[in-house]
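Chemist: This is the structure I have questions about; it appears just below.
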Amino acid sequence: MTSADDNIRLVFVSRKTAAALLEISPDTFDQWVRSGFIPPAAVNRGQIIRWHWPTVEAKLAERPSNVESDPFKLPDGPYVRKPKPRKPRAPRALVEPI
C-alpha cells in the first residue's frame with residue numbers, strides 16, 4: 001500500500017528542498033547554480049525563490065557536451081593554487097636489524 005506522499009509530484013521547490021532531493025548541501029546547490037550546472041530559479045519574487053523541478057531533473061539527466069560543466073572544477077583565478085611538481089626522492093638505504 002502506498003502513502004499519500006508517494007503520489008505527490010513536485011513542480012516548484014525551494015533551495016533547501018532541491019538540495020535535500022539531490023542529497024547535497026545548500027551551499028553546493030548554490031555553487032552548482034552559479035556554475036550553470038543547474039538552471040537558475042524559475043520563480044524569483046522577493047523572498048519567494050523556487051526552481052522548476054522537472055527542468056532541474058532534465059538538466060541533470062542530459063549528457064554534458066563539454067568538460068567545462070563540471071561542478072567540482074575550481075575556477076581559474078589568483079586564489080587557486082596549481083599543484084607544484086614533486087621532486088623524486090632518493091631510495092632509502094636498507095638497514096638490516098642486528
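Only the coordinates and a few stated rules stand behind these numbers; no lab work does. Since the model is a prediction, treat every value here as computed from it, not as a measurement. Using ideal geometry, Cβ is built from the backbone for each residue, glycine included, and neighbour counts are taken over all protein chains shown.
Chemist: As an exercise, find the ratio Rg/Rh for segment 9-63 from alpha-carbon atoms, using the Kirkwood inverse-distance average for Rh.
Modeler: Over the Cα atoms of segment 9-63, Rg/Rh equals 0.93.
Chemist: Fewest first, what order do V33, V56, V11, V95 take by the number of other Cβ atoms within 10 Å?
Modeler: Exposure proxy ranking, most exposed first: V95, V11, V33, V56.
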